[in-house]
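Notes follow the structure.
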Amino acid sequence: AFHHLWQVQYRKLLLMILVLGIGGTHLSGFQMSVINYTSPYIQKFINETWLERYGSALHQETLTLLWSFIVSMYCVGGMIGCLCSGYLTAKYGKKKCLLFNDVVLIVATLNTGFSRRAKSFEMILIGRFLEGIGAGIHMNAHVQYAGEISPKKLRGFVNVTSSVFLALGKAVARILGLRYLCCSFWSCFLFVFFMAGKCCPPSPRNRC
């Protein structure tokens, strides 16, 4: 099925796959994995911020609790995003839902990206929560939208690309091992994909 994508009539579909994948599930996979490899940096940042604010270092138990909240907020946000995705896609259409979701992810990455400058570990907590919501919505809307805009002979292949980009995102996070706060650069990429997404066709099942 892959060779069909290089045919002229499927060039826009290939672009659509890249926009959906890199701007969505690839980022979700990156966010899932990068938190594991940046744990020491974030915990050090939390401790330094607390010391600067209150003049005393955090107890290890309190630090572990705050770190657990930061990690778990992604899962809580993901659950909320999954529960809301059905209603949002039905009411506003899948294209609008995906575009709005990119805005949520931009806000999330800006929160995490500027947390060090603002000296606020709470911004990482908020960012992780919003990232989870964005991932939950995108996981559901991506597969539905990609399947509906693709021709029948390519539908299975196109739907699988969401998992491929998710795995690529995890691989990139593992290879790079960058500090979590460097994720602010993703906001720039998301803005590009948000603008490109506005040119994408609406789903034939819901032309909202």
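The values are calculated or read from the model by the stated rules, or taken from the named source; none is laboratory data. What you are looking at is a predicted structure, and each value in this text was computed from that prediction instead of being measured. Every residue, glycine among them, receives a Cβ derived from its backbone with ideal geometry; neighbour counts consider all protein chains shown.
Quick look at the values:
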{"quantity": "Given (1) modelled with pLDDT under 90; (2) crowded, with 16+ Cβ neighbours inside 10 Å; (3) part of a helix (DSSP H, G or I), number of the condition ASN36 does not satisfy", "calculated": "(2)"}
{"quantity": "Residue match in segment 148-156 (condition: in contact (Cβ under 8 Å) with a residue 24 or more places away in the chain, outside any helix (DSSP H, G or I) and on the phi > 0 side of the Ramachandran plot)", "calculated": "no"}
{"quantity": "Selection count where residues are surrounded by fewer than 23 Cβ atoms within 10 Å (Cβ to Cβ) and over 27 Å from ILE149 (Cα atoms), scope segment 99-112", "calculated": "2"}
{"quantity": "Selected residue [of a type in the set (D, E, K, R), surrounded by 15 or more Cβ atoms within 10 Å (Cβ to Cβ) and in a helix (DSSP H, G or I)] from LYS96, LYS44, LYS91", "calculated": "LYS96"}
{"quantity": "Selection status of GLU52, among the acidic types (Asp, Glu), assigned to a helix (DSSP H, G or I) and surrounded by 15 or more Cβ atoms within 10 Å (Cβ to Cβ)", "calculated": "no"}
{"quantity": "Tally of residues being out of contact with any Gly (no Cβ under 9 Å at 6 or more places or on another chain) and among the β-branched types (Val, Ile, Thr) across segment 107-131", "calculated": "2"}
